[in-house]
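Q: I have a structure here, written as structure tokens, and I will follow up with some questions on it.
The values are calculated or read from the model by the stated rules, or taken from the named source; none is laboratory data. Everything numeric here is computed off the predicted structure, so don't read it as measured data. Backbone-built Cβ (ideal geometry, glycine too); neighbour counts: all protein chains shown. For accessibility, only protein heavy atoms count, side chains too; no ligands or nucleic acids. Shrake-Rupley method; radii C 1.70, N 1.55, O 1.52, S 1.80 Å.
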Amino acid sequence: MTSWWPLLAILGVVGATFAIGLFGVRVSRTTSDFLVASRSVSPTLNASAIGGEYLSAASFLGIAGLVLSYGVDMLWFPVGYTVGYLVLLILVAAPLRRSGAYTLPDFAEMRTRSRRVRYASSILVVLIGWLYLLPQLQGAGITLRALTGAPVWAGAVVVAVVVGITVATGGMRSITVVQAFQYWLKLFAIALPAVLLVAAWYRDGTPVFTEGGWGDPLSGYGEREYPLYTTYSIVLATFLGTMGLPHVLVRFYTNPDGRAARRTVLAVLALLSVFYLFPPVFGALGRIYTPELAGTDAADTVVLVLPSVVFDGWLGDALSALVAAGAFAAFLSTASGLCVSVAGVLSQDLLRHEGRLGDGVSRFRLGTAIAIAVPFLLALVAGRANLAQTVTLAFAVAASTFCPLLVLGIWWPRLTEKGALAGLLVGGGAALAAVVAVLAAGPFTGVVGALLGQPAAWTVPLAFATSVLVSLRTGDRSQRLVSDAAMARLHGPEEIQARRA
Amino acid sequence: MDEKPQRRVAITHPRTAAARSAAKRGVRRDVNDSTALGVTMIRSLRRAQLRLAVIVGVGLLVVLGGIPLLFLLDPPLREARVGGLAVGWILLGVLVFPAIWLTAWWYVRAAERNETQFVDLVERS
């Protein structure tokens, strides 16, 4: 791997990101432009941007690495990432758009009329954002190392700097266009090599790897314990966690109304479904052509390495360059989206009372710097689990906190301020404790390893139960009035809603 | 924008469209101001949408959640093959995706139908 092609391709993606981002600066002038593109993004562009933002290092590299190491059970990751959007569609998409909130803390406050719930939500958004940014930066590190032999911190520096500058200068408007572009780049970058690899596999007489139950469900291949529990926990975290991811929700406020929000999700589901057909191909064919990567730290690089192993000469070089470009598009787009959300919450809520920090835009820029610097420092010191597994921890925290808040908040009028707060604290506390334990001292083995490594199966029900029980004990008349007003706003179609300024 | 400085009052026969639209504003205000009537109407819409979401959600849970269970209870199925590819790969790698999209498409149609019916109800009463 001494070719210069991949490096040039990465430079191209970085350059294009900067160019489109800088072009966007000319139209980004108000705080609203920065945070939600002034709600003026068309549905097609919005859907491509959501797809571009959502398909992260975990989707582009992590899934293939997991399939390579552990086999067919890992297909639940792409399935779960997609179904997460379907669950979001049926439970929160339209009501959330109608809530008129910019961010998750806005929704929390709108629904409960409580500053305390708002602050708890703000802190959780920042923590989930950082947890999700961490694997993006680590992914950039291992990609650059695999392609050029650079030290792991180099790739993280590239992504942190590019993201920090684009977000701080252009905010949401410019990254909408950047991310839409990056979806199509990622799709092309994974689909073309995958199709050619399958053709090569036919040429070689379709060899199949069946050893030790790798291709069979629930085999626990690769020394995974409790495959059934783990499968269901992954299912729960990804199905319910998507709706609680900060960068996913912020995109819904850029739709003009609730119906447009639903239709956007429908388009997003189509885009995700097409993309997720391809990463498992790399995992499955990697098992045949690059078996030495399986079960090692380098499994995540199978997407990057496989084309040059299977194809010689210029074709291998060109395809390596293409997947490298796609991988960097994945890190940059997801990291930008997360960075905007975290910076928005930091500047709106947590830095708000620092008057000397200046106006909304300069607070947003300070927020951006903090948003990207913390996960960057974490990436330098944290031990590394598989990319898709780290991302799933962020899903598990989101599923244990914002999923109960959103679902109960939208569908259950009896949710109270104290109920919402208790759910966030207990669910978030339990899930975060598991995450910190795994990242700091893991991986663990046995029952403890399964429960902490995939905590969603017990933390999500715990959070729901806490919210419901506390709400039932604390409901009163004033809470009922708050709920009635919120329900009219969340569920009433736009045609009959009173116009709001 | 919709606030005019001086409001003109149209004197109309009670059976014309103009008269009905005055009544419409009344119910609409009930919904927006959460009067007893408005709360009841919104509750009926919310329950219709929740029923729909539960139908889709439970369907998902049974069909997708049933796949690991199916493999658990029927071990020969884990190694079964269709056209050279194992059942698990075909199901989870390919077939789930069109199924997810069709479910979503059906849901969006049904949810919009609920809302259209609700708007009709508000406008007519």
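Q: Is it true that some residue in region B:96-106 is in a helix (DSSP H, G or I), at the interface with another protein chain (Cβ under 8 Å from one of its Cβ atoms) and among the polar types (S, T, N, Q)?
A: yes
Q: Of the residues A:Arg224, A:Arg203, A:Arg262, which single one is within 12 Å of chain B (Cβ to nearest Cβ) and either free of Cβ contacts under 8 Å to residues at least 24 places away in the same chain or of a type in the set (Lys, Arg) (or both)?
A: The unique qualifying residue is A:Arg262.
Q: Pull out all pairs, ordered by first then second residue, where Cβ-Cβ is under 7 Å, the residues are six or more apart or on different chains, the first lies in region A:303-329 and is free of Cβ contacts under 8 Å to residues at least 40 places away in the same chain, and the second is assigned to a helix (DSSP H, G or I) and among the polar types (S, T, N, Q).
A: As it stands, the answer is A:Gly316/A:Ser308, since those pairs meet every condition given.
Q: Identify, from the list A:Gly164, A:Gly129, A:Gly149, the residue that is out of contact with any helix residue (DSSP H, G or I) (no Cβ under 8 Å at 6 or more places or on another chain), touching a residue at least 60 places away in the same chain (Cβ under 8 Å) and either open to solvent by 10 Å² or more (accessible area, probe 1.4 Å) or closer than 27 Å to A:Ala398 by Cβ (or both).
A: When all the criteria are applied, what remains is A:Gly149.
Q: Also, quick follow-up: Determine whether A:Leu378 is open to solvent by 10 Å² or more (accessible area, probe 1.4 Å) and not β-branched (Val, Ile, Thr).
A: Against the criterion (open to solvent by 10 Å² or more (accessible area, probe 1.4 Å) and not β-branched (Val, Ile, Thr)), A:Leu378 qualifies.
Q: A further question follows. Consider A:Gly283 against the criteria (1) within 12 Å of chain B (Cβ to nearest Cβ); (2) under 30 Å from A:Glu494 (Cβ atoms); (3) of a type outside the set (A, V, I, L, M): it satisfies all of them except one. Which criterion is unmet?
A: Of (1) within 12 Å of chain B (Cβ to nearest Cβ); (2) under 30 Å from A:Glu494 (Cβ atoms); (3) of a type outside the set (A, V, I, L, M), only one is false for A:Gly283: (2).
Q: Let me ask something else about it. Check region A:472-489 and report whether any residue there is modelled with pLDDT of 85 or more and of a type in the set (Val, Ile, Thr).
A: Checking region A:472-489: at least one residue is modelled with pLDDT of 85 or more and of a type in the set (Val, Ile, Thr).
Q: Only residues that are charged (D, E, K, R) and part of a helix (DSSP H, G or I): list them for region A:113-163, please.
A: Result: A:Arg115, A:Arg116, A:Arg118, A:Arg145.
Q: Here's a check for you: in region A:269-293, which residue that is β-branched (Val, Ile, Thr) and open to solvent by 20 Å² or more (accessible area, probe 1.4 Å) is farthest from B:Trp106 (Cα to Cα)?
A: Here the residue is A:Ile288.
Q: Next up: Determine whether A:Ala457 is under 29 Å from A:Leu415 (Cα atoms), touching a Phe, Trp or Tyr at 6+ places or on another chain (Cβ under 7 Å) and at pLDDT 85 or above.
A: yes
Q: Check off (1) open to solvent by 20 Å² or more (accessible area, probe 1.4 Å); (2) modelled with pLDDT of 90 or more for A:Tyr183 and give me the number that stays unchecked.
A: Among (1) open to solvent by 20 Å² or more (accessible area, probe 1.4 Å); (2) modelled with pLDDT of 90 or more, the lone unmet condition for A:Tyr183 is (1).
Q: Shifting gears a bit: Condition (residue is more than 14 Å from every other protein chain (Cβ to nearest Cβ), outside any loop (DSSP other than H, G, I, E, B) and open to solvent by 10 Å² or more (accessible area, probe 1.4 Å)) applied to region A:93-108: is it met by at least one residue?
A: Yes, because at least one residue in region A:93-108 is more than 14 Å from every other protein chain (Cβ to nearest Cβ), outside any loop (DSSP other than H, G, I, E, B) and open to solvent by 10 Å² or more (accessible area, probe 1.4 Å).
Q: Would you point out the residue of region A:109-124, among those that are among the β-branched types (Val, Ile, Thr) and buried (at least 23 other Cβ atoms within 10 Å of the Cβ), that is farthest from A:Ile410 (Cα to Cα)?
A: My answer is A:Val117.
Residues are listed down the side, and each one gets a yes or a no for (1) among the hydroxyl-bearing types (Ser, Thr, Tyr); (2) more than 17 Å from the chain's Cα centre (by Cα):
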{"site": "A:Ile90", "(1), (2)": "no, yes"}
{"site": "A:Ser99", "(1), (2)": "yes, yes"}
{"site": "A:Thr103", "(1), (2)": "yes, no"}
{"site": "A:Arg115", "(1), (2)": "no, yes"}
{"site": "A:Ala120", "(1), (2)": "no, yes"}
{"site": "A:Gly141", "(1), (2)": "no, yes"}
{"site": "A:Ala146", "(1), (2)": "no, yes"}
{"site": "A:Ala156", "(1), (2)": "no, yes"}
{"site": "A:Gly164", "(1), (2)": "no, yes"}
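Q: Of all the residues that make up region B:35-59, how many are within 8 Å of another protein chain (Cβ to nearest Cβ) and surrounded by fewer than 19 Cβ atoms within 10 Å (Cβ to Cβ)?
A: Number satisfying all stated conditions: 4.
Q: Just to verify a result, which residue in region B:108-122, among those that are more than 8 Å from chain A (Cβ to nearest Cβ) and touching a helix residue (DSSP H, G or I) at 6+ places or on another chain (Cβ under 7 Å), is least open to solvent (accessible area, probe 1.4 Å)?
A: Across region B:108-122, the extreme among qualifying residues is B:Ala110.
Q: I've got another one for you. Condition first: under 15 Å from the mean Cα position of the chain (by Cα), within 14 Å of chain B (Cβ to nearest Cβ) and not β-branched (Val, Ile, Thr). Now tell me which residues in region A:238-259 satisfy that.
A: A:Phe239, A:Leu240, A:Met243
Q: Condition check: open to solvent by less than 30 Å² (accessible area, probe 1.4 Å), within 14 Å of chain B (Cβ to nearest Cβ) and closer than 25 Å to A:Leu11 by Cα. Does A:Ala194 satisfy that?
A: yes
Q: Return yes or no: is A:Asp73 of a type in the set (Asp, Glu) and modelled with pLDDT under 65?
A: The answer is no for A:Asp73.
Q: Within region A:223-321, considering only helices (runs of 4 or more DSSP H) that don't extend past its boundaries, which have at least 2 residues that are within 23 Å of A:Leu7 (Cβ to Cβ)?
A: A:279-289, A:302-310
Q: Do you know which of the residues in region A:404-429 that are touching a Pro at 6+ places or on another chain (Cβ under 7 Å) and more than 14 Å from chain B (Cβ to nearest Cβ) is farthest from A:His491 (Cα to Cα)?
A: A:Gly427
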